[in-house]
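The values are calculated or read from the model by the stated rules, or taken from the named source; none is laboratory data. Fair warning: this is a prediction, and the values are worked out from it, not measured in the lab. Note: ideal-geometry Cβ built from the backbone for every residue, glycine included; neighbour counts use all protein chains shown. All accessible areas refer to the heavy atoms of the entire protein, side chains included, with ligands and DNA or RNA removed. Shrake-Rupley method; radii C 1.70, N 1.55, O 1.52, S 1.80 Å.
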Amino acid sequence: MEAKSVKIDVNSVAEPFYKAIGNEIGVFEHSFNNRLPLLLKGPTGTGKSRFVEYMAHRLSMPLITVACHEETSSTDLIGRFILKGAETVWQDGPLTRAVREGAIIYLDEIAEARPDVIVAVHSLTDFRRKLYIDKLGEEVEADRNFMFVASFNPGYQRGFKELKPSTRQRFVSVSFDYPDPKLESEIVAVESGVNDSEARKLVKIANKIRNLTELGLTETVSTRLLVDAAKLIHSGLPKRLSVEVAVVEPLTDDEDTLEALKDLSSMMI
Ligand code: ADP
C-alpha cells in the first residue's frame, strides 16, 4: 500500500493560524532559499505540523505530508508497480511526486519509519538533490522548489526511536518546545475561542504538570491537549471534566498518577 499522504494546495485553503515562538520562520525561509533540508525537533503537539502548513502558505508552495510509522518503507514513499486492468503501471509515491512537481515534502516522525527510508532520502538531503528510483532504473533530479522537511521527537524519554548522528548532520535543525505562558495562552484562546483568563488557567495547569518530572510520564501536556480541553470548555462541557478527559486521561493509565493529576487540576480550576 502507498503511504497515506495528504496534499495541500495552498491556494485552496485559508492560511492557518501560527504564532511564531522564536526565529523559526526566518530559518525556514533561508533553508528554502538555500535548498537545505530542515529537521524540526520536539515533543508531540508543539506546533511542528502547523508551522510547516503555515510556511507552505507563506511561500506559496504545495505541501505533501506523510505521517510515518513503523511500517512506512521507501517503497511507500517512492512508488511501486500496480496492476491496472491487465497492465502493470508505475505509480509515483508521495516523495517522488514532491520531487518532480516541486513541493515541500513533510515526513512527520521520520525516525518511526523503516531504516530504508533514511537511506532512500540521503541523496535528496545533500548537494545531489536527486532521487534514485531502483525499480525504474531512473534518477530524478529534484525540481528547483523541492524542499525536504522532517520532524523528530528526540529520545530523551523512554520509548522513542533515535536518529543516527550521521543522519542528523544532514539537516538544518530547529527545536520546538512548549511556548512561554503568555504565547501559549494566546494560542489556546485563538484556537478554541475561550477567553484569555480561561486560557491562562489551562496553561498554568499544564505547566504545573510539566514540572512534575518525578511522575516519569513518557510525554507531558502538549499545547494540542490544552487546545482540545479549551474547545470542550468553549462548547459547554464542564471545566473539570474537560480537563480530566482532554489533559489528564491521555497522559497515563496508571491509576495512582491519574488520581493525583485529577486532584491537582481540579484544585487549580
Ligand atoms: P506537532 O506537529 O508538533 O505534533 P501540531 O502542529 O499538530 O503539533 O500542533 C498541535 C496543535 O497545537 C495545533 O493544531 C494548534 O492548535 C496548536 N499549536 C501548537 N503550537 C502552535 C503555534 N505556535 N501556533 C498556533 N497553533 C499552535
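Some observations on this one:
- Hits in the range 9-19 (condition: open to solvent by less than 60 Å² (accessible area, probe 1.4 Å) and away from the ligand (no atom under 13 Å from the Cβ)): V10
- Taken together, the criteria place D143 among residues that are at pLDDT 95 or above, closer than 26 Å to R80 by Cα and over 18 Å from the mean Cα position of the chain (by Cα).
- So V119, is it within 30 Å of T218 (Cβ to Cβ) and open to solvent by 20 Å² or more (accessible area, probe 1.4 Å): yes
- Scanning the range 20-45 for residues that are within 15 Å of the ligand (Cβ to nearest atom), closer than 14 Å to S173 by Cβ and either outside any strand (DSSP E or B) or open to solvent by less than 20 Å² (accessible area, probe 1.4 Å) (or both) yields G22, N23, E24, V27, F28, L38, L39, L40, G42.
- All conditions in (1) at positive phi; (2) modelled with pLDDT under 95 hold for G236, with the sole exception of (2).
- Scanning the range 60-76 for residues that are over 22 Å from V10 (Cα atoms), open to solvent by 40 Å² or more (accessible area, probe 1.4 Å) and outside any loop (DSSP other than H, G, I, E, B) yields a total of 0.
- Just one of the listed residues (R129, R114) is at positive phi, assigned by TED's automatic domain parsing to the domain that holds H69 and not hydrophobic (A, V, I, L, M, F, W, C), and it is R129.
- Among the candidates R224, R200, the residue that is outside the structural domain of T44 (by TED's automatic domain parsing), surrounded by 14 or more Cβ atoms within 10 Å (Cβ to Cβ), within 20 Å of the chain's Cα centre (by Cα) and among the basic types (K, R) is uniquely R224.
- Just so you know, in the range 77-101 the residues that are farther than 23 Å from V6 by Cβ and not in a strand (DSSP E or B) include one that is least open to solvent (accessible area, probe 1.4 Å), and it is G85.
- Restricted to the range 227-259, and to residues there that are among the hydrophobic types (A, V, I, L, M, F, W, C) and free of Cβ contacts under 8 Å to residues at least 40 places away in the same chain, the residue that is surrounded by the most Cβ atoms within 10 Å (Cβ to Cβ) is A229.
- In the range 132-221, counting only helices (runs of 4 or more DSSP H) that sit wholly within it, the ones holding 3 or more residues that are within 16 Å of the ligand (Cβ to nearest atom) and under 24 Å from E29 (Cα atoms) span 181-192.
- Hey, S151 within 29 Å of F32 (Cα to Cα) and open to solvent by 70 Å² or more (accessible area, probe 1.4 Å) or not: no
- Qualifying residue in the range 176-188 (condition: of a type in the set (G, A, S), on the phi < 0 side of the Ramachandran plot, surrounded by 20 or more Cβ atoms within 10 Å (Cβ to Cβ) and touching a Lys or Arg at 6+ places or on another chain (Cβ under 7 Å)): yes
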